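A quick write-up on the structure given underneath.
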Amino acid sequence: MKQLPEISVIMGVYNQRSDTTMLQRAVQSILGQSYGDFEFLICDDGSCEAVTSALDEFASGDPRIRLLRGGGKYTLPQKLNYCLRFAKGRYIARMDDDDYSFPERFELQMKLLSENPEISFIGSNVNLIRNGKLIGERILPAFPKKEDFLFVQPYIHPTLIFRREALDIVGGYSEKRWQLLCEDFDLLLRMYEKGLIGCNVQKTLFDYTLPPIGRSKRKFQHRLNEAVTRWERFQSLNMLPAALPYVVKPLIVGLIPEKILERMKERHYSKNNNHESRNE
């Protein structure tokens, strides 16, 4: 009888670019993990021919890859929930198609999960990449509290590994339209509502790709979605009315010109990195 994999890696793909360099790098970074007991579920719906061909080639060369297609799943939460339907692992690892996982990522995260049964999900610090270049590093809290969600989310979604039961407890990802593009924020705070505990490995295990300046500005609808999600989750966690200024934060930030906003972020991460280095 074939043993079930320990980890199910889930990734959604919707890519219309004929250049598959980043996709191939992302997939190869998973296949090259030092911890090899996993299956890799990729939900690909609506991608161009170059992408589907690249994924077919990967799948034919590695039996750990399972391609899921034809389900009419076009949003990321739809794709991830579709992957969860077929996932066999006791742990669920996230990955995105334009990022890079360091070879030791799974090994270090799984070691901490096995040593700390009270932890339900685990992420890591990340390098910030824009246009193929390192622009900074994001150092995240080791054990984020709900208050850490007020200003900015204290986890990077594609770095996370969850215990499967944690996702089952909250019913997976919300597919509601007003949670689109903030489904991870919603998911994690619903876990906090259930008393589940997360942490971040205090080591950089991931290259996280940021959109180029000029394509990173979120639409007003997406900012409104985040404000609605913040209202719902902060209310459920009894953080209102004190957290009200942070509910409207996405709408206020949207008024700042994009280039100025991105430079502010880069200076913020650079300042924090220098502070961390001085205290090591």
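The values are calculated or read from the model by the stated rules, or taken from the named source; none is laboratory data. Everything numeric in this text was worked out from a predicted model, so none of it was measured. No Cβ is skipped: glycine too gets one built from the backbone with ideal geometry, and neighbour counts run over all protein chains shown.
The table below lists the values:
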{"read-out": "Filtered residues of the stretch 135-150 (kept if over 19 Å from M191 (Cβ atoms) and surrounded by fewer than 15 Cβ atoms within 10 Å (Cβ to Cβ))", "value": "none"}
{"read-out": "Residue under evaluation Q235, criteria (1) part of a helix (DSSP H, G or I); (2) at pLDDT 95 or above; (3) in contact with a helix residue (DSSP H, G or I) (Cβ under 8 Å, 6 or more places away or on another chain), criterion not met", "value": "(3)"}
{"read-out": "Of residues in the stretch 28-69 being touching a residue at least 60 places away in the same chain (Cβ under 8 Å) and hydrophobic (A, V, I, L, M, F, W, C), the one surrounded by the fewest Cβ atoms within 10 Å (Cβ to Cβ)", "value": "F38"}
{"read-out": "Flag if R130 is surrounded by fewer than 22 Cβ atoms within 10 Å (Cβ to Cβ) and either touching a Lys or Arg at 6+ places or on another chain (Cβ under 7 Å) or aromatic (F, W, Y) (or both)", "value": "no"}
{"read-out": "Selection status of R223, modelled with pLDDT under 95 and buried (at least 20 other Cβ atoms within 10 Å of the Cβ)", "value": "yes"}
{"read-out": "Every residue from the stretch 1-19 that is surrounded by 20 or more Cβ atoms within 10 Å (Cβ to Cβ) and either touching a Ser or Thr at 6+ places or on another chain (Cβ under 8 Å) or of a type in the set (S, T, Y) (or both)", "value": "S8, V13, N15"}
{"read-out": "In the stretch 178-210, residue surrounded by the fewest Cβ atoms within 10 Å (Cβ to Cβ) [restricted to those that are free of Cβ contacts under 8 Å to residues at least 40 places away in the same chain and either more than 14 Å from the chain's Cα centre (by Cα) or outside any helix (DSSP H, G or I) (or both)]", "value": "G195"}
